[in-house]
Protein chains: 2
Amino acid sequence: MTYCVGLLLKDGLVMICDTRTNAGVDNVASFRKLHMVEEPGERVIALASSGNLSITQSIVSLLMEGVPDPETDTVETLATVPTMFKAAQLVGRAVREIYRVDGPSMEQHNARFDVSLILGGQIKGRRLRMFMIYAAGNFIEATPDTPFLQIGEHKYGKPILDRAVKYNTDLYDALKVGLISVDSTMRSNLAVGLPLDLMILRRDAMQTELTYRIEQGEPYFEDLRQRWSEALRATHQAIPKPPYVKKA
Amino acid sequence: MTYCVGLLLKDGLVMICDTRTNAGVDNVASFRKLHMVEEPGERVIALASSGNLSITQSIVSLLMEGVPDPETDTVETLATVPTMFKAAQLVGRAVREIYRVDGPSMEQHNARFDVSLILGGQIKGRRLRMFMIYAAGNFIEATPDTPFLQIGEHKYGKPILDRAVKYNTDLYDALKVGLISVDSTMRSNLAVGLPLDLMILRRDAMQTELTYRIEQGEPYFEDLRQRWSEALRATHQAIPKPPYVKKA
């Protein structure tokens with residue numbers, strides 16, 4: 001399993017990914033799922049992936065090596081695409097190419113072609129944008145009305161995002177809420193786990209403001225988890241008990 | 001969709017169900033999903049259902065009319081079974097009987113035979129027990145290690161249960177936490193909605209201590225939702241921002 005969340009806000013982009021993978025509960029490992037293409041001053045693109053690890057790794061490799069563009073007869077990578085929309089289309093083409101190569105054999109083995117990706121970033125002179133790409137290679141884009149996208153185990157961590165993240169939320173507050181969202185997910189699903197990779201890209205800065213890995217025992221995240229847990233306990237304890245009365 | 005949660009605690013049983021059903025997002029209705037069989041002093045059995053409404057209603061009807069027992073050549077209902085384990089087996093047989101009748105035709109129409117149920121209660125002289133019955137008619141039982149069971153849209157509301165409910169939790173505190181869990185679910189999934197049906201059965205009381213329906217605008221639940229929302233906001237605002245520093 002996986003949990004990645006991307007937040008596209010007024011001030012910029014925040015992305016957080018866990019690193020846990022599992023092939024069955026008896027085979028758990030750690031793989032980076034947040035991939036960066038950064039050329040300071042020119043482009044910053046982040047790609048978060050969820051799904052079958054063989055598929056997601058092949059897609060990332062293909063995007064780095066180059067995906068042939070049948071229309072222009074050229075080979076494009078995330079380092080060469082001229083716009084973020086073209087970058088999303090490129091990721092979609094990479095997904096379809098890996099499906100073409102591996103999909104039929106996987107289906108023969110009843111292995112689902114399971115992949116979804118979040119692509120966020122900005123190319124010089126263009127807008128900061130964020131997309132979610134599906135297994136069919138189609139995609140949607142985040143907008144101010146719904147400024148976050150999630151892939152993988154998205155449900156446990158969604159309630160706090162629904163409540164606490166707005167388009168105007170400060171980048172570091174959004175990172176904080178995102179980490180609370182990841183904490184809730186990790187508590188309810190063992191297949192999501194530390195370390196966490198995160199990045200912050202301020203709008204129009206054209207270079208990452210922060211890239212960071214939270215390892216086991218990292219003091220801030222430990223403190224956040226403990227504060228959140230204690231505050232939830234205090235909160236539900238402070239709510240009065242239901243006044244509903246016994247039947248006569 | 002549906003969300004029902006059952007909590008089997010040291011002091012007794014709490015069950016909460018929403019009432020929303022939908023056949024597509026353009027066809028939303030309200031149906032009772034928490035069914036009671038109560039003979040004070042003798043037995044109290046609660047059955048919560050989730051899944052395709054035609055299946056769950058047929059199962060409940062069959063359980064009230066009577067399910068033939070091939071081994072004894074008699075007809076049993078929830079009002080006649082001698083133990084809660086036998087009641088769970090009876091529900092399982094009813095699920096299999098409705099699958100036998102309706103399953104193949106539904107599959108021809110690509111409609112999944114989708115059902116799960118929570119059965120809780122106590123029969124005089126026997127233990128208070130709670131079971132979850134699956135679409136195949138098999139079932140699991142709640143134990144002190146994991147004192148709650150959920151059916152339907154279970155993920156949004158699970159984090160607070162994981163954190164706040166223990167076997168020793170007071171019945172009305174458990175009801176409160178259960179209502180917070182339902183609130184989180186309703187906020188994130190429109191297919192779960194008011195009114196809510198709830199019941200409390202104190203261990204060995206042999207009659208329900210509380211049966212109640214929370215309608216839209218009910219003051220306690222409105223207050224709980226508002227307090228929870230405000231406290232979450234205050235809590236995440238009170239947590240310090242991440243100290244992670246910009247790259248040099």
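Checking the condition aromatic (Phe, Trp, Tyr), over 22 Å from B:GLY152 (Cβ atoms) and touching a residue at least 12 places away in the same chain (Cβ under 8 Å), which residue from B:PHE85, B:PHE113, B:PHE131 passes? Let's see the steps before the verdict.
Values: B:PHE113 fails: over 22 Å from B:GLY152 (Cβ atoms); B:PHE131 fails: over 22 Å from B:GLY152 (Cβ atoms).
B:PHE85 is the lone residue from the list that is aromatic (Phe, Trp, Tyr), over 22 Å from B:GLY152 (Cβ atoms) and touching a residue at least 12 places away in the same chain (Cβ under 8 Å).
Do we have A:VAL37 as farther than 29 Å from A:VAL177 by Cβ, open to solvent by less than 60 Å² (accessible area, probe 1.4 Å), touching a Leu at 6+ places or on another chain (Cβ under 7 Å) and aliphatic (A, V, I, L, M) here? No: the conditions fail for A:VAL37. Filtered by the rule that a residue be acidic (Asp, Glu), more than 13 Å from the chain's Cα centre (by Cα) and within 11 Å of chain B (Cβ to nearest Cβ), the stretch A:135-177 gives A:ASP162, A:ASP170, A:ASP173.
Restricting B:ARG32, B:ARG93, B:ARG43, B:ARG100 to those that are farther than 24 Å from B:GLY178 by Cβ and touching a residue at least 12 places away in the same chain (Cβ under 8 Å) reduces the list to B:ARG93.
Within the stretch A:192-204, can one find any residue that is of a type in the set (A, V, I, L, M, F, W, C) and closer than 20 Å to B:LEU232 by Cβ? No: the stretch A:192-204 contains no residue that is of a type in the set (A, V, I, L, M, F, W, C) and closer than 20 Å to B:LEU232 by Cβ.
If you filter the stretch A:220-248 down to residues that are under 30 Å from A:PHE31 (Cβ atoms) and facing chain B (nearest Cβ under 9 Å), you find that the one that is most open to solvent (accessible area, probe 1.4 Å) is A:ARG227. All of (1) out of contact with any His (no Cβ under 8 Å at 6 or more places or on another chain); (2) part of a helix (DSSP H, G or I) hold for B:THR72 with one exception: (2). Residues in the stretch B:219-237: is at least one among the small types (Gly, Ala, Ser) and in a loop (DSSP other than H, G, I, E, B)? No - not one qualifying residue is present in the stretch B:219-237.
Does the stretch B:119-133 include one or more residues that are among the charged types (D, E, K, R) and over 24 Å from B:ARG202 (Cβ atoms)? Quick ask: steps written out before the conclusion?
Going through the stretch B:119-133, the residues among the charged types (D, E, K, R) turn out to be B:124, B:126-127, B:129.
Retained after the next criterion (residues that are over 24 Å from B:ARG202 (Cβ atoms)): none.
The answer is no; no qualifying residue exists.
Would you check if there is a residue in the stretch A:110-118 being within 14 Å of chain B (Cβ to nearest Cβ) and over 17 Å from A:SER49 (Cα atoms)? Give the steps one after another, and end with the answer.
At the first step, the residues of the stretch A:110-118 found to be within 14 Å of chain B (Cβ to nearest Cβ) are none.
No, the stretch A:110-118 contains no residue that is within 14 Å of chain B (Cβ to nearest Cβ) and over 17 Å from A:SER49 (Cα atoms).
Of all residues in the stretch A:184-218 being facing chain B (nearest Cβ under 9 Å) and out of contact with any strand residue (DSSP E or B) (no Cβ under 9 Å at 6 or more places or on another chain), which is most open to solvent (accessible area, probe 1.4 Å)? Don't jump to the end; show me each part of the working.
Keep residues of the stretch A:184-218 that are facing chain B (nearest Cβ under 9 Å), which gives A:184-185, A:187-189, A:198, A:200, A:207-212, A:214.
Subset that is out of contact with any strand residue (DSSP E or B) (no Cβ under 9 Å at 6 or more places or on another chain): A:184, A:187-188.
Working: A:SER184: 11, A:ARG187: 104, A:SER188: 18 Å².
Here the residue is A:ARG187.
Rundown of residues vs (1) in contact (Cβ under 8 Å) with a residue 12 or more places away in the chain; (2) closer than 16 Å to B:ALA174 by Cα, yes/no style:
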position	(1), (2)
B:ASP197	yes, yes
B:ALA205	yes, no
B:TYR220	no, yes
B:ASP223	no, no
B:ARG227	no, no
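With respect to being among the hydrophobic types (A, V, I, L, M, F, W, C) and within 23 Å of A:LEU13 (Cα to Cα), A:MET132 fits the description. No other residue among A:ASP18, A:ASP73, A:ASP26, A:ASP69 is of a type in the set (D, E, K, R), open to solvent by 20 Å² or more (accessible area, probe 1.4 Å) and closer than 30 Å to A:SER184 by Cα apart from A:ASP26.
The values are calculated or read from the model by the stated rules, or taken from the named source; none is laboratory data. These figures come from a predicted structure and were not determined experimentally. Neighbour counts run over all protein chains shown; Cβ positions are idealised from the backbone, glycine included. When the accessible area is computed, the model is the full protein with side chains, heavy atoms only, and any ligands, DNA or RNA have been set aside. Shrake-Rupley method; radii C 1.70, N 1.55, O 1.52, S 1.80 Å.
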